[in-house]
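Notes follow the structure.
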Amino acid sequence: MLRWRGLGSTPPDLGRTVVTVGMYDGVHRGHQHLIRTAVGRARTLGRPALLLTFDPHPSEVVRPGSHPAILTSADRKAELVAELGVDAMCVLPFTPEFSRLTTAEFTHTVLVEHLHAASVVVGRNFTYGHRAAGTVETLTAEGRRFGFTVEGVDLTSVGCAPDLDGEGEVTISSTYIRACVAAGDMASAGLALGRPHRVDGVVVRGDRRGRELGYPTANVESPPHTAVPADGVYAGHLVLRDPRSGASRERFPAAVSVGTNPTFEGSRRTVEAFVLDFDGDLYGEHVGVEFVERLRPMLSFSGVPELVEAMAGDVARTRSVLGLD
């Protein structure tokens with residue numbers, strides 16, 4: 001998949017494209033339906049399917065300090081959309097200047113002049129331009145003027161997930177999934193995503209306390225604004241990633257701890273993964289930590305023996321949840 005940042009880096013031989021536009025944070029089941037629709041249209045027209053997304057999140061520019069938790073890193077987003085058949089991904093820097101573009105300026109400069117849109121596929125609730133003045137109807141009218149077609153896709157047609165109280169149904173959205181992750185409800189998050197929620201980062205040196213206890217952990221440092229689950233212990237996996245492309249490689253079962261290590265009066269919140277049946281040095285590795293199921297909340301134990309006993313239980317439950325018994 002071709003990938004570039006900024007309109008000025010668009011390949012000169014790109015040709016006419018089928019463009020889908022959005023943050024696509026999480027690339028959840030609703031996004032997947034929308035992207036597959038765009039890819040299908042591209043294959044029918046014999047054009048490349050191009051996904052246009054933004055960085056940073058528009059909320060941070062429009063309302064500074066309101067940056068939502070991010071469900072997928074840029075590399076992970078690229079990997080996921082490539083798996084869905086997207087041929088090219090353009091990441092557009094979202095700046096104050098860009099946020100002030102009118103709907104017509106966005107359409108002409110971005111979609112027509114640089115991305116050469118023959119067709120545009122967006123969610124039914126898509127908005128664009130200064131103060132989000134543009135809608136699917138606005139875009140359709142501008143498409144007739146500039147020579148491209150527009151399709152608005154209803155994301156709710158994909159299906160729903162149980163709400164956080166286990167009752168009723170809710171439309172799948174990045175906002176809903178962030179709430180599930182923040183509550184430690186990995187089952188609901190995974191159902192909406194279509195896969196386990198994952199936190200990407202780099203393994204850094206920690207206190208090395210786990211090694212002393214017989215459970216050496218990979219201390220994973222993630223970028224700012226990453227959607228880290230609620231404090232607790234989880235069954236999951238650690239995924240090794242290519243440091244240059246970000247592509248996923250080997251995947252290992254892991255018991256994952258999120259929190260401040262209250263038994264040792266810690267104050268810094270960390271994500272630490274004990275990789276089952278693994279013997280090797282992970283320092284400096286680019287990894288992803290997948291969260292399958294929350295096993296228990298983060299607890300403060302009376303001493304090391306009680307903590308080690310609890311960790312042994314966490315590993316046994318992780319094996320059970322992951323079907324490794």
Distance between modelled label sites at Glu306 and Thr102, nm, 7 Å Cα→Cβ extension: 6.8
Give me, ordered by chain and number, the residues 5 or more places off Val292 or on other chains with an amide H under 5 Å from its own placed amide H. Ala235, Gly236, His237
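Using mean Cβ contacts within 10 Å as the protection proxy, how do 27-35, 289-297 order, highest first? Don't skip to the end; give the middle numbers.
Details: 27-35: 24.3, 289-297: 19.9.
Ranked by mean Cβ neighbours within 10 Å, highest first: 27-35, 289-297.
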How long are the three semi-axes of the equivalent ellipsoid of region 2-155, in whole Å, if each is the root of 5 times an eigenvalue of the C-alpha gyration tensor, listed from largest down? 21, 19, 15
One finds the C-alpha centres of region 243-258 and region 69-89 to be spaced, in Å, by 16
Does anything in region 10-32 have its amide N under 15 Å from the 7 Å Cα→Cβ label point of Thr149, and if so which residues? 17-20
For region 243-304, the fraction of alpha-carbon pairs in successive 10 Å shells from zero, as %: 17, 43, 32, 7, 1
Take region 196-321, compute every pairwise Cα distance, and split them into 5 Å bins from 0; I just need the percent in each bin. 2, 11, 23, 27, 21, 11, 4, 1, 0
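Using only the alpha carbon atoms of the chain, find the Kirkwood hydrodynamic radius as the inverse mean reciprocal pair distance, in angstroms to one decimal.
Working: mean 1/r = 0.0471 Å⁻¹.
Taking every pair of different Cα atoms in the chain, averaging 1/r and inverting gives 21.2 Å.
What fraction, in whole percent, of alpha-carbon pairs in region 187-254 exceed 19 Å separation? Walk me through the numbers on the way to the answer.
On the way: 986 of 2278 pairs.
That fraction is 43 percent.
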Fully extended contour minus Cα-Cα distance, from His130 to Arg249, at 0.36 nm per residue: 38.7 nm
Viscosity 0.890 mPa s, 25 °C: Kirkwood-radius Stokes-Einstein D of region 275-319 over Cα pairs, µm²/s: 190
Under a 10 Å cutoff between Cα atoms, tell me which one of Ala133, Ala118, Ala254 has the largest fluctuation in the Gaussian network model of the chain. Ala133
For the chain, the longest principal axis of the Cα atoms and the Cα long axis of helix 136-146 enclose an angle in degrees, to the nearest 10, of 50
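Read the figures in this text as sums done on the coordinates, not as results from a lab. Everything quoted here is computed from the prediction, not taken from an experiment. Please note: Cβ atoms are built from the backbone with ideal geometry, for glycine as well, and neighbour counts cover all protein chains shown.
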